[in-house]
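The values are calculated or read from the model by the stated rules, or taken from the named source; none is laboratory data. Quick caveat: nothing in here was measured; it's all calculated off a predicted structure. Glycine also receives a Cβ, built like all others from the backbone with ideal geometry; neighbour counts cover every protein chain displayed. Please note that ligands, DNA and RNA were not included when accessible areas were found on the heavy atoms of the full protein model with its side chains. Shrake-Rupley method; radii C 1.70, N 1.55, O 1.52, S 1.80 Å.
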2 protein chains.
Amino acid sequence: MDALTFNTKHLLYTLFESGVRYFVISPGSRSTPIALLLAEYAENNQAINLFVDVDERSAGFFALGIAKTVLEPVVLLGTSGTAIAEYMPAIAEASVSSVPLVVLSTDRPQELQHNGAPQTISQNNLFGHQTKEAIEINLQDQHSDVTNYIDFMIQRLVHLSMMVPRGPIQINLPLRKPLMPILKDSHKITVKPLTFEEQVPQYQPILIHAKRLLILAGPNVLNSYDEVLNQFAAENHVPVITDVLSRSRGGNTVYGIDMLLEMNRIPVELNPDLVIRFGKTPVSARVLQWLKNRHIETWHIDEDAGTDHTRHISRAINMAPKSFLNSSQLTLSDEQKSFNQKWQVLPKSQSVDNEMSVVPAIDNAVADNTHIFVANSMPIRDMDNFFSGLHTKNVFANRGANGIDGVISSALGMAASRQQRSLLLTGDLTLFHDMNGLMMAKNYLLPLDIVVINNNGGGIFSFLPQAEVSEYFEQLFGTPLNIDVSKIAHLYDLHYTKLNVPEELSDILKIPVTGTRLIEYQSNRRQNKIDHNNALRLLK
Amino acid sequence: MDALTFNTKHLLYTLFESGVRYFVISPGSRSTPIALLLAEYAENNQAINLFVDVDERSAGFFALGIAKTVLEPVVLLGTSGTAIAEYMPAIAEASVSSVPLVVLSTDRPQELQHNGAPQTISQNNLFGHQTKEAIEINLQDQHSDVTNYIDFMIQRLVHLSMMVPRGPIQINLPLRKPLMPILKDSHKITVKPLTFEEQVPQYQPILIHAKRLLILAGPNVLNSYDEVLNQFAAENHVPVITDVLSRSRGGNTVYGIDMLLEMNRIPVELNPDLVIRFGKTPVSARVLQWLKNRHIETWHIDEDAGTDHTRHISRAINMAPKSFLNSSQLTLSDEQKSFNQKWQVLPKSQSVDNEMSVVPAIDNAVADNTHIFVANSMPIRDMDNFFSGLHTKNVFANRGANGIDGVISSALGMAASRQQRSLLLTGDLTLFHDMNGLMMAKNYLLPLDIVVINNNGGGIFSFLPQAEVSEYFEQLFGTPLNIDVSKIAHLYDLHYTKLNVPEELSDILKIPVTGTRLIEYQSNRRQNKIDHNNALRLLK
């Protein structure tokens, strides 16, 4: 076996041994040996899931969606040049939202660098600060130390991508022609395993003394604490404000905090004297500001604790929320029970007609434990305000950098990694931005219902100060696309249904289909602004 | 006037004073003050061209297309987060193809960095080596030195983007809320001009002694030497091999060198003893290899001379080809005339039926001086082999990193910056990859004819060794998209015509339309491979 084939097999087998099961390939010439050997392996191994996505930008977000769902590193394989640069947006999101990705960026060999060779950019460490580590491996270097280095480093890097804070890594692979590997070779590859042992820590009990304790469950990457949290809250009468991405919403938790705060519906007597905050930055911008303005003592408990752009938290405890809940020792006051009751009887925010009421329709219509992906801008805000978690706690979003890019692919990645139908709630602008992502829906018949609120442009801007500058508003911010969603469905051979009133959603979701379905709800940005004001008035 | 408005006006006015006329905005909240003040200025100034593109990836390539055509720096304005990361592919291409771009990346203020704030990634110097310079300016810092710094630095950076080798720069702009600028303020902004003087160099005559001199005109960024070259070649009987991107093809130049070399149709007696090579790496990979294999002395003359990934050139002269031609002193042998004649009577490569023959159809059909943009992979190779330059020398491509991404937007950017209709030749895979770019065609009714050779997938791979591995070929390389081009036209409200036989193109192009027209030619990857072999046989 030549060095290329031998070392590439080591690279791939070490990835498999390290637990990588999902690979997203974007076609190209330079990546030929890796793609072929991977396809050969996948053919004989059901555990390997191989997807081919011709648009690398979409591929990046597709891998991100898988990784967010299965909570393991997903490999991206791309060819040299701008193809690798196309991964940048997904890598940036993975970096700030702590999602493990492994980029295998194939490259031209060293002698073709910086010298006018075609399809060659400076791609070693291309992603800079956005990756946790970036290394380069010459697979064609025939030396036992190199093979040994591959075995060792790949295991270490895959592990690194999963260490807190999780994140993306890049492995740059310069390759010289000829690029054809030897296929159908039966030579057995053995990889010396490096075990990463999980030591079970013995925590000192964390003492909590409070008169009025409140928990703020923020966006949660790992769905590992909602049962413990529910039990903890019930036993100790602790009100829990659940972010829609906390994967803990439902039951007696408090939601819609953003609108309650906007309408000053939290009187001083509801001020906690201690807040325990879990997870990432909440969707509601007002809730952290409220803690700061009211000088409420706040602790942040997270495996990666200490991030708070309001700079208000006073104690950061690096710990999984579950371990924290299990090991804490509470001393609460008599007040706690009545304090909790006051929180529980706060009015629930209610959507009014039109766009907003799509959220309660989803709340009612989805099957139990459906995974829901939510686009940024308006949909995530509406979900945070109005979604009760009646049937499912599994709500996801790209809530690191909050981009409107790549959302379709991320949701499709989620759908691809599960057996059941998932749902995406998005606006038309976000749908358009990653429309190319729908190619995967078409090619792999992925089980996703995409509810598109079509308000013809950027709805969020109507809520910002520039809405007052009518002259340039539509040109610079509203940006109506006048795109016909049914034509998008037609182009990608997807099912299409018009949602005339939100309540019809239950019936629509009951109609069994194979593959992806676009469900369009026509809205209007102007009316939506009025409706939101009316919804706020209901809380007065 | 507040610091934000005052300094933003300085930023913008200095850009105008430095000669920037084209701005491509992608909407967002963080960029609000700059977008609004720019829109206000553009309203009263016809010289400013402002485009709004909601997909930042497309916006990057749209700006690139403009900059390639007008040969001046084009500004990209984007909002914080992954939106800026979306520019990466276009910036990478601009870097290796020496195109001036100025990215204004708006950002969150310093106190929101690295601390969990939404829509915040590490974006200062995001593009790393791909930019020539990356600076950060705090526009809200009210200090006369800051304003003065803005006036000075913007002039210097715009100039830097135009210095050889041209390239992109990033100006990161952290902005703190409130973001609304003061509009309709009549306060006059004055900017102290910094003049960058062009010294006219007096070159020593460059002495050329050769028995058999040949010129190889490679891809040319500046269309500034074809007349001088023609005259030089005619007077001195110098054969000129013109790359399709040399902007010098036509008349007595030699083209189709790649097929001639593939068929060994260049006998030893046609070996030059000196080759003068202009510009960037030629489309034909064989021609540089031929010079190296035959040990032919080669000089590289370019403003940015010295790039040669075959590492064969022996003399790199940093000089514009035009200056070189004007200042050289030739001593040629008696052989030169007959040497030239032998080159001129070489057979011209001829396309055979189907896909390939779209190129001669374009050759014949386009109006004089039409600008033609060509996609990478098969179209650029076919154009290099078969395009004679009958009516136009103006052929462009993204031939730095040779990506299949962003081509639609680049061609639309070219069309947007000109008054006449332009033409794009592309395959279906490249069309799909940047389909979103068509939103600009729809919104701005851009005058472009897009000839799509639809061979349902990646045609180039049929010419590579992996074509032999039939098992994984379609899945990994052929990647048929089964996309209906007429549906794409329908979705974006574009004109659509089917090209049944290539010869119909003349008639189609004569039908006047407003906006963009998709012209689809159905092809077949398998047949195309056979056809190429037949075309080669014609040269035997």
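Structure data summary
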{"item": "Candidates B:Leu76, B:Leu139 - the one that is away from every other protein chain (no Cβ under 14 Å), part of a loop (DSSP other than H, G, I, E, B) and either open to solvent by less than 20 Å² (accessible area, probe 1.4 Å) or acidic (Asp, Glu) (or both)", "result": "B:Leu139"}
{"item": "From the options B:Thr5, B:Thr32, B:Thr106, residue that is facing chain A (nearest Cβ under 8 Å), modelled with pLDDT of 95 or more and in contact with a Leu (Cβ under 8 Å, 6 or more places away or on another chain)", "result": "B:Thr32"}
{"item": "Filter result for the condition that a residue is within 26 Å of B:Asn436 (Cβ to Cβ), of a type outside the set (D, E, K, R) and more than 10 Å from chain B (Cβ to nearest Cβ), over A:Ile519, A:Ile460, A:Ile488, A:Ile511", "result": "A:Ile519"}
{"item": "Which listed residue, of B:Val407, B:Val452, is closer than 20 Å to B:Pro502 by Cβ and either touching a residue at least 12 places away in the same chain (Cβ under 8 Å) or away from every other protein chain (no Cβ under 14 Å) (or both)", "result": "B:Val452"}
{"item": "Strands (runs of 3 or more DSSP E) wholly inside segment B:321-430 containing at least 3 residues that are open to solvent by less than 30 Å² (accessible area, probe 1.4 Å)", "result": "B:372-374, B:422-427"}
{"item": "Residue match in segment B:294-313 (condition: open to solvent by 20 Å² or more (accessible area, probe 1.4 Å) and in a helix (DSSP H, G or I))", "result": "no"}
{"item": "Unmet criterion (only one of (1) closer than 30 Å to B:Leu464 by Cα; (2) touching a residue at least 12 places away in the same chain (Cβ under 8 Å)) for A:Lys188", "result": "(2)"}
{"item": "Leading residue by the ranking (least open to solvent (accessible area, probe 1.4 Å)) among those in segment B:488-521 that are aromatic (Phe, Trp, Tyr) and under 17 Å from A:Leu491 (Cα atoms)", "result": "B:Tyr492"}
{"item": "The one condition in (1) part of a helix (DSSP H, G or I); (2) at the interface with chain A (Cβ under 10 Å from one of its Cβ atoms); (3) open to solvent by 40 Å² or more (accessible area, probe 1.4 Å) that B:Asn482 fails to fulfil", "result": "(1)"}
{"item": "Test result for A:Gly256, of a type outside the set (Ser, Thr, Tyr), open to solvent by 30 Å² or more (accessible area, probe 1.4 Å) and on the phi > 0 side of the Ramachandran plot", "result": "no"}
{"item": "B:Arg286 being at negative phi, assigned to a strand (DSSP E or B), outside the structural domain of B:Gly65 (by TED's automatic domain parsing) and of a type in the set (Lys, Arg)", "result": "no"}
{"item": "Test: residue in segment A:425-436 that is more than 14 Å from every other protein chain (Cβ to nearest Cβ) and among the hydrophobic types (A, V, I, L, M, F, W, C)", "result": "yes"}
{"item": "Answer from B:Thr69, B:Thr106, B:Thr82 - the residue that is assigned by TED's automatic domain parsing to the domain that holds B:Pro165 and more than 30 Å from A:Ala117 (Cβ to Cβ)", "result": "B:Thr106"}
{"item": "Residue check for A:Pro219: touching a Gly at 6+ places or on another chain (Cβ under 6 Å) and not hydrophobic (A, V, I, L, M, F, W, C)", "result": "yes"}
{"item": "Unmet criterion (only one of (1) more than 22 Å from the chain's Cα centre (by Cα); (2) closer than 22 Å to B:Glu136 by Cα; (3) surrounded by fewer than 24 Cβ atoms within 10 Å (Cβ to Cβ)) for B:Gln46", "result": "(2)"}
{"item": "Of all residues in segment B:124-135 being more than 8 Å from chain A (Cβ to nearest Cβ) and assigned to a loop (DSSP other than H, G, I, E, B), the one that is farthest from A:His129 (Cα to Cα)", "result": "B:Lys132"}
{"item": "Scope segment B:223-264; condition part of a loop (DSSP other than H, G, I, E, B) and within 21 Å of B:Gln336 (Cβ to Cβ); matching residues", "result": "B:Tyr225, B:His237, B:Val238, B:Pro239, B:Ser248, B:Gly251, B:Asn252, B:Thr253, B:Tyr255"}
{"item": "Every residue from segment A:100-135 that is over 30 Å from B:Ser284 (Cβ atoms) and either out of contact with any helix residue (DSSP H, G or I) (no Cβ under 9 Å at 6 or more places or on another chain) or hydroxyl-bearing (Ser, Thr, Tyr) (or both)", "result": "A:Thr131"}
{"item": "Qualifying position, being free of Cβ contacts under 8 Å to residues at least 12 places away in the same chain and open to solvent by less than 10 Å² (accessible area, probe 1.4 Å), among B:Ala117, B:Ala85, B:Ala90, B:Ala94", "result": "B:Ala117"}
{"item": "Residue within segment B:55-63 that is in contact (Cβ under 8 Å) with a residue 40 or more places away in the chain, over 23 Å from A:Glu474 (Cβ atoms) and either of a type in the set (Gly, Ala, Ser) or not assigned by TED's automatic domain parsing to the domain that holds B:Gln119 (or both) present", "result": "yes"}
{"item": "Selected residue (only one of B:Pro181, B:Pro193 is out of contact with any helix residue (DSSP H, G or I) (no Cβ under 6 Å at 6 or more places or on another chain) and in a loop (DSSP other than H, G, I, E, B))", "result": "B:Pro193"}
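Per-residue answers, yes or no, for (1) closer than 22 Å to B:Arg57 by Cα; (2) of a type in the set (Asp, Glu); (3) away from chain B (no Cβ under 13 Å):
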| residue | (1), (2), (3) |
| --- | --- |
| A:Glu355 | no, yes, yes |
| A:Leu390 | no, no, yes |
| A:Ala401 | yes, no, no |
| A:Ala411 | yes, no, yes |
